[in-house]
Amino acid sequence: MSHTFYNKMWVEAQQNLGQLLEQEMPLEPPKPEKDRMATAQQLGTLYIRYVQIFRNLELAYDQITQPQKRRVIKAVLDGVMGRILEVKNELVELEISEFQYFDDILQDMKMGPESLEIPIPRYFIKEKMKVLKDRERILSQILDRVGAKNTDMVKTLKPMSLDEAVRVIQVSERARQGRLRAKFMKEINLEEKRERFAKTQGEITLDPDIAAQRIQKVPPPHFYKKSIAEEIAQKTETLRSELQEQHEAEYQHALIQIKDTIREKEGPNMKANLQDQIRQWFIECRHVTGKFPDFPSEEDGGSSAIFAQKTPEQVAAEIAAKEEAKPKKKKEKGKKDKEKKKGKKDKDKTKGKKGKGKEEEEEEGWKIKPSNFLPDMASANQTYESVWQQRDDSWNLHQTYDAQLIKESKTKEVEDEVRIQIDELMRQELQNLKMAVDKEKNKKKKGGKGGKKKKKGKKSGKKKKKKKEKDLTPDRTIDSLYEELVTEGLLIKPKSIKLSDFIGEYSYLGTTLRQADIEPMPSLSDVKQLLVLYGILPLGCESVHEKAPSVKTLLLAGPSGVGKKMLVSALCNETGANLFNLSPSNISGKYPGKSGLQMMLHMVLKVARQLQPSVIWIDDAEKTFYKKVPKTEKQLDPKRLKKDLPKILKSLKPEDRILIVGTSHRPFDAEIKPFCKIYKKIVLLPRPDYAARLVMWKQMISQRVGSLTASMNFSSLAKITDGFTPGQIVQAVESVLNDRRFGQISRKPLTAVEFLGSLSRQEPVYKEEEETFKSWYAKTPLGKKRSKAMPGAEEDTGKDKGKKKAGKTVGKKKKK
Ligand SMILES: Nc1ncnc2c1ncn2[C@@H]1O[C@H](COP(=O)(O)OP(=O)(O)OP(=O)(O)O)[C@@H](O)[C@H]1O
């Protein structure tokens, strides 16, 4: 695609965003919406529109090479990402469910389900490729040195007894000899066949055309070959990435060079002009007011405050007014505080009298919460409108930097620098003038000293904060801590899996089922989206992590083999995050004792923070909160982290891009209250539904055998594998499609029946197990809230209590 294509895409996205911003930031605050369904529709539409803008902006940012445009797009892109998370959060609260279904809105908007898919910004990885590659190299080196014992996500093997080992070697040796013999016999047979054929036919050489045809009939070994168009597109994309880097380097160079030139050429002129203007102002002020003015302080903008198109009297009056206002302000503040307190008391009184009256009023309608991202987006949009919308850059064929724009911004920077220097000089000059002409005594500026003192005060405050967290390893480098954690198997390498490898299919009936008061089972594609929203976007983007609704922990729960660990790996690979393994089985016996545990956690958090983003993975998360530790596991001390987990969570600040991910296939074994207190976001992974199974079988088989699947009845296979997990399907495919079978495929077509043997040896997820998961989820806070809100639960007296509490918290937030 061309530069024009991506530019057009950006402009369109920006126009759509402009419309959305107008809708989201109306001049008059909107009235609360009373109809819940209408609100959900409104929010759903907003969500989908933002996702469309996000998709286009992401592509534009990935491909546009003009560095200044990329900066504007990045600001908008990050804002849109954050806003999507905010809207999602609103939807979760409104519908009291982690899963939302938009099929009806999509239909109205004439869009396909794929347009709901949230892209993972490629810049998450692209822009730190070098660091990631280096880190990967170091990790591999350490792993090689250590012998890659238990440092991978693959489960460790148990040590073998000598007898077993001898038996394995004997079996392999016999197999090797057998294979050799078979190969030998095959060659002899072929040789005999050839001789017989030669005898009957005589020695004829084949016509080259026929020979070529014969060769062409045999399918090539790599069926899954990219088309030429695909290859060209990929090449262009790579080329663009290189261009981006090159243009960025040129831009950085131009920034310095242009500024130096402006400073050199225009600096002296700027200085002289400014000095003249300020002197003129001194004289005019004295002429009008009878005395020299006071020079505006640095905080007030120095001389820039003087020339804001005001008359000298105005400026003098303003300064005088400010001086007067200072003590007043203090008084007013006092008054306001008093009023606030009074107001509070009055409110309390009315509460006492009327009971729930006020809260009910607040609850009457629904209003979207104030956003942390809308102001940023609006200002980025403003930049777009003022700088780029009308700009003609048809001259910029190669889409390199725009020197004129750099000049404008750098001139302003140089002016500011010059102004600060000149202000200092002129302050002194004014002082001298006052002394000489008005005979004023030299009153040293108190502000400057005071300001410095203040700064000092701030610094000491920061130091105090830092002291709170003890550094147990002050004299160790991050590299050495990193190496120790890898050696101990606490920092591991994720499996090389991308989120796109996680197969799932969109759920087409979600809304219909919900309208019929049936809670649909979420689809694997819904789960995938949640992982992007709660895990990937905040981990990948700093501003999103800091300002979006915070998610510090995530629990992935579901039967064995549904892809929990796969998602953890994908999460790390898509964001370039480090993976720490704090699973009970992995930390058992390591760093013994209380102080040992403290040291271990300190090291993990220190490295996780410094090399963020990081994922702290706890497999078998329920074990930390066991209701009762089974006898066989007592030695492992699975509850070792129970007391420390809340402390870790507390110590995580918004700027720490660290996510704790628990995975569990038996969440019901945990004490629900403390468990849910740690894991606030719980995602239940379902077994794949028919649609997902169909896609899974098709994809997994065709990945291995290409298009040679005409004889396969995928539909029946998907139908009869109801209850089987993706892990079991993978296993069946791998066991059937071994090298031998693969070699025979062109002669003996693959059939669905062949997979039945392997499947019959595996245990599917039975309805009862699924029900156990569902009923466990209904006991979690969100599950409980939802079942209360479902029709028929209105008379529940407990609901009123819940309402009261909710009302109170809303009230508190508003006051803030
Ligand atoms: N949606 C999916 N698409 C493709 N492959 C999948 C999917 N889900 C799981 N798999 C594959 O299934 C296998 C098992 O998955 P994984 O180990 O992640 O399951 P798990 O839920 O963590 O299991 P356990 O609870 O036993 O630890 C892996 O090989 C994984 O790649």
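The values are calculated or read from the model by the stated rules, or taken from the named source; none is laboratory data. Keep in mind it's a predicted model, so treat the numbers as computed, not measured. Positions of Cβ are backbone-derived with ideal geometry, glycine not excepted, and every protein chain shown enters the neighbour counts.
For the structure I just gave you, tell me whether Thr511 is among the β-branched types (Val, Ile, Thr), closer than 17 Å to Ser97 by Cα, touching a residue at least 12 places away in the same chain (Cβ under 8 Å) and in contact with a helix residue (DSSP H, G or I) (Cβ under 9 Å, 6 or more places away or on another chain). Yes, satisfied. Being exposed (fewer than 11 other Cβ atoms within 10 Å of the Cβ), modelled with pLDDT under 50 and in the same structural domain as Asn269 (by TED's automatic domain parsing) is a description that applies to Lys444.
Across segment 651-675, the qualifying residues are those that are closer than 21 Å to Leu571 by Cβ and charged (D, E, K, R), and the one among them that is nearest to the ligand (Cβ to nearest atom) is Arg657.
Conditions tested, residue by residue: (1) within 12 Å of the ligand (Cβ to nearest atom); (2) touching a residue at least 40 places away in the same chain (Cβ under 8 Å).
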{"position": "Lys677", "(1), (2)": "no, no"}
{"position": "Lys681", "(1), (2)": "no, yes"}
{"position": "Pro686", "(1), (2)": "yes, yes"}
{"position": "Ser716", "(1), (2)": "no, no"}
{"position": "Gly723", "(1), (2)": "no, yes"}
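The one condition from (1) at pLDDT 80 or above; (2) more than 30 Å from Lys590 (Cα to Cα); (3) within 41 Å of the chain's Cα centre (by Cα) that Ile497 does not meet is (2). Name the single residue, out of those in segment 580-636 being of a type in the set (Lys, Arg) and at pLDDT below 85, that is nearest to Leu659 (Cα to Cα). So the residue we want is Lys590.
If I filter segment 688-695 for residues that are at pLDDT 85 or above, outside any helix (DSSP H, G or I) and either within 28 Å of the chain's Cα centre (by Cα) or away from the ligand (no atom under 14 Å from the Cβ) (or both), do I get at least one hit? Yes, the conditions are met somewhere in segment 688-695. Among the residues of segment 549-576, how many are among the basic types (Lys, Arg) and near the ligand (Cβ under 8 Å from one of its atoms)? Residues in segment 549-576 being among the basic types (Lys, Arg) and near the ligand (Cβ under 8 Å from one of its atoms): 2 in total.
Looking at Lys642, Lys647, just one residue is touching a residue at least 12 places away in the same chain (Cβ under 8 Å) and away from the ligand (no atom under 16 Å from the Cβ), and that residue is Lys642. If you go through segment 558-574 and keep only what is in contact with a strand residue (DSSP E or B) (Cβ under 8 Å, 6 or more places away or on another chain), more than 20 Å from Leu649 (Cα to Cα) and surrounded by 22 or more Cβ atoms within 10 Å (Cβ to Cβ), you end up with Gly558, Lys564, Leu567, Ser569. Here Met599 meets the list (1) within 16 Å of the ligand (Cβ to nearest atom); (2) in a helix (DSSP H, G or I) almost entirely, failing just condition (1). For Ser702, are the conditions met, namely being more than 30 Å from Lys779 (Cβ to Cβ), away from the ligand (no atom under 16 Å from the Cβ) and outside the structural domain of Gly558 (by TED's automatic domain parsing)? No; evaluated as a whole, the condition is false for this residue. Just so you know, in segment 734-749 the residues that are in contact (Cβ under 8 Å) with a residue 12 or more places away in the chain and part of a loop (DSSP other than H, G, I, E, B) include one that is nearest to Gln216 (Cα to Cα), and it is Ser746. Take segment 104-144 and flag every residue that is assigned to a helix (DSSP H, G or I) and under 20 Å from Ser241 (Cβ atoms). Tyr123, Phe124, Ile125, Lys126, Met129, Lys130, Val131, Leu132, Lys133, Asp134, Glu136 - these are the residues of segment 104-144 that are assigned to a helix (DSSP H, G or I) and under 20 Å from Ser241 (Cβ atoms). From the list Ala691, Ala608, the one residue that fits, being under 26 Å from Gly723 (Cβ atoms) and either of a type outside the set (Phe, Trp, Tyr) or assigned by TED's automatic domain parsing to the domain that holds Gly743 (or both), is Ala691. Residues that are more than 13 Å from the ligand (Cβ to nearest atom) and small (Gly, Ala, Ser) were ranked within segment 486-533; the one that is surrounded by the fewest Cβ atoms within 10 Å (Cβ to Cβ) is Ala516.
Of all residues in segment 377-400, those being closer than 25 Å to Thr39 by Cβ and in contact with a Gly (Cβ under 7 Å, 6 or more places away or on another chain) number 1. Residues that are surrounded by 12 or more Cβ atoms within 10 Å (Cβ to Cβ) and not in a helix (DSSP H, G or I) within segment 31-44 comprise Pro32, Glu33, listed in sequence order. Apart from one condition, Ser711 fits all of (1) of a type in the set (S, T, N, Q); (2) outside the structural domain of Leu756 (by TED's automatic domain parsing); (3) not in a helix (DSSP H, G or I); the exception is (2). In this structure, Glu622 does not satisfy being acidic (Asp, Glu), in contact (Cβ under 8 Å) with a residue 40 or more places away in the chain and either in a loop (DSSP other than H, G, I, E, B) or more than 13 Å from the ligand (Cβ to nearest atom) (or both). Just one of the listed residues (Val661, Val629) is closer than 24 Å to Ala778 by Cβ and among the β-branched types (Val, Ile, Thr), namely Val661. Restricting attention to segment 265-307 and to residues that are assigned to a helix (DSSP H, G or I) and basic (Lys, Arg), the residue that is surrounded by the most Cβ atoms within 10 Å (Cβ to Cβ) turns out to be Arg286. Taken across segment 729-738, residues that are more than 15 Å from the ligand (Cβ to nearest atom), loosely packed, with under 15 Cβ neighbours inside 10 Å and at pLDDT below 85 do occur, with at least one present.
Put simply, of Ile658, Ile701 the only residue that is in contact (Cβ under 8 Å) with a residue 40 or more places away in the chain and more than 18 Å from Leu582 (Cα to Cα) is Ile701.
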